[in-house]
1. Looking at the stretch D:1-28, which of the residues that are farther than 14 Å from residue D:127 by Cα, touching a strand residue (DSSP E or B) at 6+ places or on another chain (Cβ under 8 Å) and touching a residue at least 60 places away in the same chain (Cβ under 8 Å) is surrounded by the most Cβ atoms within 10 Å (Cβ to Cβ)?
2. Out of the stretch D:227-245, which residues are under 26 Å from the mean Cα position of the chain (by Cα) and touching a residue at least 40 places away in the same chain (Cβ under 8 Å)?
3. Among the residues of the stretch C:192-209, which ones are within 11 Å of another protein chain (Cβ to nearest Cβ) and outside any helix (DSSP H, G or I)?
4. Restricting attention to the stretch D:37-71, which residues are modelled with pLDDT of 95 or more, surrounded by fewer than 17 Cβ atoms within 10 Å (Cβ to Cβ) and touching a helix residue (DSSP H, G or I) at 6+ places or on another chain (Cβ under 7 Å)?
5. What residue, of D:260, D:315, is in contact with a strand residue (DSSP E or B) (Cβ under 7 Å, 6 or more places away or on another chain) and farther than 30 Å from residue D:361 by Cα?
6. Return yes when residue D:187 is assigned to a loop (DSSP other than H, G, I, E, B) and at pLDDT 95 or above and no when it is not.
7. Residues that are crowded, with 22+ Cβ neighbours inside 10 Å, within 7 Å of another protein chain (Cβ to nearest Cβ) and at pLDDT 95 or above: list the helices (runs of 4 or more DSSP H) wholly contained in the stretch B:253-341 that include at least 2 such residues.
8. Which one of B:238, B:223 is over 24 Å from residue A:302 (Cα atoms) and surrounded by 15 or more Cβ atoms within 10 Å (Cβ to Cβ)?
């Protein structure tokens, strides 16, 4: 049983399919939990390019290896066994043979990569986590979940590698003040990783109130509801918190184009801005190259996708108690496959902190 | 005798002033050559903030130490002697005591710095190079010009530290293709330093034809006249030169806000863009955060000002014959103080490659 | 009243001196607390070059501004007032005018710098913290201690900037395993900063047991007593903790030359090693360039001294409760000036975690 | 026809073998030129671990695709055709699936990689360039040689990716003085890439005289014969060339363990040392951790192996005339397979600049 997203803004439907024949060195995952993230909302609304509808959504998921044909190895070279609980890198087919992989060493821009739940579709098999079973094709990289509860991991879900990558790219220094724009799952995980990375203070501008409350619990030292303060007021607030200079580092996790200009203006001269919230095209925004970039001596860094290391490091971190507690309090809401449409609406509205799909409910 | 820029778009006038009393550990420079750069045009047009008109323009200059009171040391700790030919860091009073200097280590954003010919005015004394004599205040850092002809150095002039800084910040890798937007003095010096830094190919989009010819002579492998090709055509041209990907690194040296969006669009995914041409406020430009930043996984870096190291390294480089020859062919036009207004007009139009002020003509 | 170290392995003596005349823009600090660190033991034993005996030891200290003549500004440009509680950068006279300061941007190698309690001596005035009063010369950079208790700050003392600098230089990635060699004050602060920087696990090899207990309390996940295990066993222990590869990052804080070879051998291929424990010359050690460096593709980084940013960032961090608690449990032992010799012996033996000098006891 | 190295210090013999059956997506290379490098001397002397004797030496080679079965693509995704002239990454089977590949992103330390001519042996087929034909297994990455003459490329040979990697890792800044220890092929290519990277001056200490002459022709500004000057004199010479400070960057390309300590001592404080000459175990050397590392605030970086990018960037560079001329003057000596033993002796002695194997002579 799985949930099918037909595209063209049509609702998700629940379907059944025979379990697949396994190719050599592949496996069947019995899904425990998957999630509903902002990308799923974009997918429902056909806002992403290159999606082969119909698709089974759910890119980051966790489950148990139900059946293995041949051998699947972890990165230590140890074989997985049936019954092992795992997550997996949702990106498949990074080619390690193209210019982006081998010369630029920018594998998240490899043109051959396919993403479970996004650019793999039903034609490719059970390739999304909104399903009781998911097909782990040969070459998919699994990660053992020993020591990390499934629910805890899915509290972060796809925001874990995304936020970890963004924080990695942000060059936070010990003692910095980090501003996070956005308080959705990526914003919240970014707050957590920023404190883990050595920020002395983390500020968050987001909405709605329940998410800002969570932001505070996750480690934000001060929060502001952007729906109640115009851009100028928000800037004032940041300056007041930062000796009049702006944040050392700003990480944009909102999805709103204007937040990119805000990020630049809320950051101190010679600081860093990471743009990780612009995963779909919402149009242009205006910036002032003299004031916002050149005179500020600013670094602005786009951050696209994740690779194996981001998943691996996130799981390594979650094995540590002082780390996992940052996600342990996230309020999770579980939905059966049959309520996926409802879950999408609630994620869109920001009313839930984190919506999970439990295909066995 | 010196040239005074009154501000408020008024013409420059020639004046006389008694030579100053020297404070301890200061010196009087007999100016050999100064220059007319794009910033001087902005100054004439009152386009920069914080300029204490009237001023004596001319920030980067070369001359001979005419008179020294007390001791002035070079960075090796050796005293300068009267008769030494020197240039100097046009930036004075970097405080090494503020948050930007000591914590951010971003000394070009130190709020106390003063720049000869720009933020020092006539009230501060003979503080510009459009003058027969210039007052080197205590603490000004001079650089010996042994082995570097004055005219050769001034062929680059202020574009030397500016371009060197931009190239330093661009993280060019051996074998990269570098695109330079703009073919004024900063663009030309950027072409030169990009080849010296290890670029395999350098492309330049600029105008007018005489500057593009110079760009080719300086090391550009291919040039395009932007006045004859719309943005889409320019992008096509870049893609054709770069396996359809865009430049590895783009360095913007134009002054036009739209060139910033171009720079982002002409660069390959996961490449670097340096913005060094936006030294005055010409307004906003539109960018698409999804397409131009986030999905591209792009780095965009503003680059403001220069510090001592950029001057020092530029002079070190010019002592080497294989380096200096890149600037040796620049067509120089010398103007007396009395023709400074004419020189400003020609620089504005791009008709000259490099305009120098010779205060003794 | 102050403690004088005569050099030539002679004991420290308590002396009295009239309070100095203040130069313009200088101040008198009423010392609350200073410390006894490993460098003080080296000083007593005349093991450091360039020390102008007799000296007043005590480089990192905290106290209250007793008297200010003229103006002393913090890095925000705000004047200090008498009664302000402060610490200060023990390094004075970094010149910002030499090749190391201006070209290499390696100010900790500036040849003109003078260090309170080490390379300033009695001839320079009250220039050490083992004294009731200390003379803050013009240009000394003070830091406000608002929100940081003096005792908490001195629990780290000079190990704070030293360890923060070492961790900064170690390029720890989120999820890394960090090995700290040594469990003296620098080792302990390094453990703390490594966890704050994003290490998933921190290992420590040190001695004696009381310090290893503190290491565990400070955040080390596993500790080993080096006095009970030969180098081969220590290596085995590290490999067992790290999937057979070695630590991602090793930070050497021991003072023993052989620890440098150990650090290289206990680190995984393509990892980073920081050497921060070799503050005096204890002779040579053997390394195998093929096995320890080239084939390992290893980075080994010496780390010398501190600059203002390291002090500043340490204080910023300590203002945060989740940070300060890491140092809050350090067992501190306070000594009056008259027991400085005893304190030196105990520090040498490692029997105390942290020895403080309270000049008012 | 090919040359077989039996190991156990036995001489190389010429043999014949039937051409292999091609697996799908593999090819047969008709070798034009291969080379004799220092590693081949180590191989002859059984000084490397993990070599499956008997082997066919010759890791970096150039030739023409004689026969292709299936499809072989370049990194642009374009298929190779029979008749194309190519070189190839000598490293095969980098797994992109292990911890070193995916988490450390240190693919040159991937334990599964196999190197043509070194860790592939006769059992693996025609896997060395000292052969008329070489078997390009599925997954071998070839590079088109359009615009780069085979002889010019082989003038550098394996020293091209090795030196490019070392220079990449050296963080040379524009205007730096770079010291190269060693004047064998790797040393010479390092001199060339150091000048291409922006060094103002390159110094070389090596031997014998014919190689030092070549060093000068390749771009070294000053050379010293290490056989005629003791270590102390060599250090003096470097200090004289560098304002008494030492080189900004030293790249060790010698193979002698003591050169590693020299490299550290000949480099200025806070400089960088790259160790790339220690490809076999010649034993230990002594360093002084206090003087050579910690107090110097030095970075020492081992540099192992090459990946595709290093080959690719080297070929891109050689397509440029101002680059290729640096290698164009290398004196090449061609040997037939039957004189491989003689070639090995001459390479060992340093009497030849570069020895090539032409299997058709």
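1. The selected residue is D:12.
2. D:238
3. Once the filter is applied, which keeps residues that are within 11 Å of another protein chain (Cβ to nearest Cβ) and outside any helix (DSSP H, G or I), the stretch C:192-209 yields C:198, C:199, C:200, C:201, C:202.
4. Residue satisfying the conditions is D:52 alone.
5. Of the residues listed, the single one that is in contact with a strand residue (DSSP E or B) (Cβ under 7 Å, 6 or more places away or on another chain) and farther than 30 Å from residue D:361 by Cα is D:260.
6. Against the criterion (assigned to a loop (DSSP other than H, G, I, E, B) and at pLDDT 95 or above), residue D:187 does not qualify.
7. Where helices (runs of 4 or more DSSP H) fall fully within the stretch B:253-341 and carry at least 2 residues being crowded, with 22+ Cβ neighbours inside 10 Å, within 7 Å of another protein chain (Cβ to nearest Cβ) and at pLDDT 95 or above, they are B:308-318.
8. From the options B:238, B:223, the qualifying one is B:223.
The values are calculated or read from the model by the stated rules, or taken from the named source; none is laboratory data. Just so it is clear, the structure is predicted and the values come from calculations on it, not from any experiment. Positions of Cβ are generated from backbone atoms using ideal geometry, with glycine treated the same way; all protein chains shown enter the neighbour counts.
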